[in-house]
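Peer 1: I have a structure I would like to understand better, so I am pasting it below and will then ask my questions one at a time.
The values are calculated or read from the model by the stated rules, or taken from the named source; none is laboratory data. A quick note: this is a predicted structure, and the numbers were derived from the prediction, not measured. Here the Cβ positions follow ideal geometry from the backbone for every residue, glycine too, while neighbour counts run over all protein chains shown. Quick note on the areas: whole protein, heavy atoms, side chains included, nothing else; ligands and nucleic acids left out. Shrake-Rupley method; radii C 1.70, N 1.55, O 1.52, S 1.80 Å.
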Amino acid sequence: MPVALDQVLRIPLAPLLVVQGLGVRRRANTLSEPPGAREGCAGSGVALRLLIIGDSSAAGVGARSQEAALSGQLVAALAKDFAVSWKLIGETSATTSIVLDRLAQSEPAPFDVVVSALGVNDVTRGSSRVFWQARQKQLAKRLVNRFGAKLIVASGLPPMGAYPELPQPLRWVLGQQAQRLDLALAELCDTHQVMTHLPIDVPFEPHFQAADGYHPSEAAYALWGQMIATHIRQHFKG
């Protein structure tokens, strides 16, 4: 695969990218993970065991409570049709490798569906396309073998090239890399028996952005949760 222009220019741009990256990281870490339950039961109907894993977006940064974050919004949407028992394993700054470690430390338990929200920190840590795809494949294997996952919903990477708070040229470099990793994720899901790729289709409008301009807002979590719930519903009721 030919080397892309942004990959070539990273070398001469490295000093500037490092400075810009440190500034962005400080701003992105100003919001804390919201309080609230990280496991529970809700709804009635057919039993559905749900595991949510990922980074700060899975952990709900940008919302005031877990109820208003991704886990709460997704569970509320699914509870209209299922008796949902759910658990959240997510943390700020988590990469795929970190989540793999957390899963290795967790007690094995059966889950019908796993929702994965990962990628942004893999991009900012400079993960290559090959490494990212290999780690995602390892993650899927662990989720199937250790947790019995019947469906893994891999949320697509957000369009980092559109993040308003990222300065140029960092925005362009991260945006190009995010696109590459998202394409690699989609390609993996196309050939995997359990993984499915769900692109993130949330408009970049002010009310969908948290106060730091980096994380989703509660409105974005609500929309995202509905999108994932629809995807899961189609799989289990289709």
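Peer 1: Sort out which residues of the range 96-105 are of a type outside the set (Val, Ile, Thr), over 18 Å from LYS150 (Cβ atoms) and open to solvent by less than 20 Å² (accessible area, probe 1.4 Å), and write them in order of number. Give the steps one after another, and end with the answer.
Peer 2: The initial filter retains those residues of the range 96-105 that are of a type outside the set (Val, Ile, Thr), namely 97, 100-105.
Next, only the ones that are over 18 Å from LYS150 (Cβ atoms) stay: 97, 100-102, 104-105.
Within the range 96-105, LEU100 is the sole residue that qualifies.
Peer 1: Has the range 58-77 got at least one residue that is among the basic types (Lys, Arg), within 20 Å of the chain's Cα centre (by Cα) and in a loop (DSSP other than H, G, I, E, B)? Quick ask: steps written out before the conclusion?
Peer 2: Looking only at the range 58-77, we keep the residues that are among the basic types (Lys, Arg), and these are 64.
Pick out the ones that are also within 20 Å of the chain's Cα centre (by Cα) and you get 64.
In the following step, the residues that additionally are in a loop (DSSP other than H, G, I, E, B) were identified as 64.
Scanning the range 58-77, I find at least one residue that is among the basic types (Lys, Arg), within 20 Å of the chain's Cα centre (by Cα) and in a loop (DSSP other than H, G, I, E, B), so the answer is yes.
Peer 1: Does ALA104 satisfy being aliphatic (A, V, I, L, M), assigned to a loop (DSSP other than H, G, I, E, B) and in contact with a helix residue (DSSP H, G or I) (Cβ under 9 Å, 6 or more places away or on another chain)? Even if it seems obvious, please write down each step before you answer.
Peer 2: Numbers: aliphatic (A, V, I, L, M): yes; assigned to a loop (DSSP other than H, G, I, E, B): no; in contact with a helix residue (DSSP H, G or I) (Cβ under 9 Å, 6 or more places away or on another chain): yes.
In short, no.
Peer 1: Could you list, in sequence order, the residues of the range 73-95 that are surrounded by 24 or more Cβ atoms within 10 Å (Cβ to Cβ) and either of a type in the set (Val, Ile, Thr) or more than 23 Å from ASP122 (Cα to Cα) (or both)?
Peer 2: GLN73, LEU74, VAL75, LEU78, PHE82, VAL84, TRP86, listed by residue number.
Peer 1: Moving on to the next point. Quick check on my filter: what residues within the range 8-36 are surrounded by 14 or more Cβ atoms within 10 Å (Cβ to Cβ) and within 21 Å of ALA77 (Cα to Cα)?
Peer 2: Answer for the range 8-36, where residues must be surrounded by 14 or more Cβ atoms within 10 Å (Cβ to Cβ) and within 21 Å of ALA77 (Cα to Cα): PRO34, GLY36.
Peer 1: Still on this structure: Say we look at the range 218-231 and pick out the residues that are under 25 Å from ARG180 (Cα atoms) and touching a helix residue (DSSP H, G or I) at 6+ places or on another chain (Cβ under 8 Å); which of these is surrounded by the fewest Cβ atoms within 10 Å (Cβ to Cβ)? Before the answer, list the steps.
Peer 2: Of all residues in the range 218-231, those under 25 Å from ARG180 (Cα atoms) come to 220-221, 223-225, 227-228, 231.
Now restrict to residues that are touching a helix residue (DSSP H, G or I) at 6+ places or on another chain (Cβ under 8 Å): 220-221, 223-225, 228.
Values: ALA220: 25, TYR221: 25, LEU223: 18, TRP224: 24, GLY225: 22, ILE228: 24.
Filtering first and then ranking leaves LEU223.
Peer 1: If you don't mind, there's one more thing I want to ask. Of all residues in the range 123-148 being part of a helix (DSSP H, G or I) and small (Gly, Ala, Ser), which is farthest from GLN176 (Cα to Cα)? First the steps, then the outcome.
Peer 2: Restricting attention to the range 123-148, the residues satisfying the condition of being part of a helix (DSSP H, G or I) are 123-124, 129-147.
The next check asks that each one be small (Gly, Ala, Ser); those that pass are 134, 140.
Values: ALA134: 19, ALA140: 25 Å.
It comes out as ALA140.
Peer 1: Test of understanding: among ARG142, ARG146, ARG129, which residue is of a type outside the set (Gly, Ala, Ser), surrounded by fewer than 23 Cβ atoms within 10 Å (Cβ to Cβ) and within 22 Å of LEU17 (Cα to Cα)?
Peer 2: Working: ARG142 fails: within 22 Å of LEU17 (Cα to Cα); ARG146 fails: within 22 Å of LEU17 (Cα to Cα).
On inspection, the qualifying residue turns out to be ARG129.
Peer 1: Can GLY175 be described as part of a loop (DSSP other than H, G, I, E, B), modelled with pLDDT under 95, open to solvent by less than 20 Å² (accessible area, probe 1.4 Å) and among the small types (Gly, Ala, Ser)? Break it down into steps so the answer makes sense when it comes.
Peer 2: Working: part of a loop (DSSP other than H, G, I, E, B): no; modelled with pLDDT under 95: yes; open to solvent by less than 20 Å² (accessible area, probe 1.4 Å): yes; among the small types (Gly, Ala, Ser): yes.
No, not satisfied.
Peer 1: While we're here: All but one of (1) over 24 Å from LEU181 (Cα atoms); (2) in a loop (DSSP other than H, G, I, E, B); (3) out of contact with any helix residue (DSSP H, G or I) (no Cβ under 7 Å at 6 or more places or on another chain) hold for VAL3; which doesn't?
Peer 2: Failed condition: (1).
Peer 1: Open to solvent by 50 Å² or more (accessible area, probe 1.4 Å) and touching a helix residue (DSSP H, G or I) at 6+ places or on another chain (Cβ under 9 Å): is that true of GLN234 in this structure? Walk me through how you get there before you give the answer.
Peer 2: Working: open to solvent by 50 Å² or more (accessible area, probe 1.4 Å): yes; touching a helix residue (DSSP H, G or I) at 6+ places or on another chain (Cβ under 9 Å): no.
No.
Peer 1: Pairs please, first residue from the range 214-227 and without any contact (Cβ under 8 Å) to a residue 24 or more places away in the chain, second anywhere and hydrophobic (A, V, I, L, M, F, W, C), Cβ atoms under 7 Å, 6+ apart in sequence or on different chains.
Peer 2: Filtered contacts from the range 214-227: ALA219/PHE208; LEU223/VAL202.
Peer 1: Run LEU78 past the list (1) within 26 Å of ASP101 (Cα to Cα); (2) modelled with pLDDT of 95 or more; (3) touching a Leu at 6+ places or on another chain (Cβ under 7 Å) and report the number of the one that doesn't hold.
Peer 2: (1)
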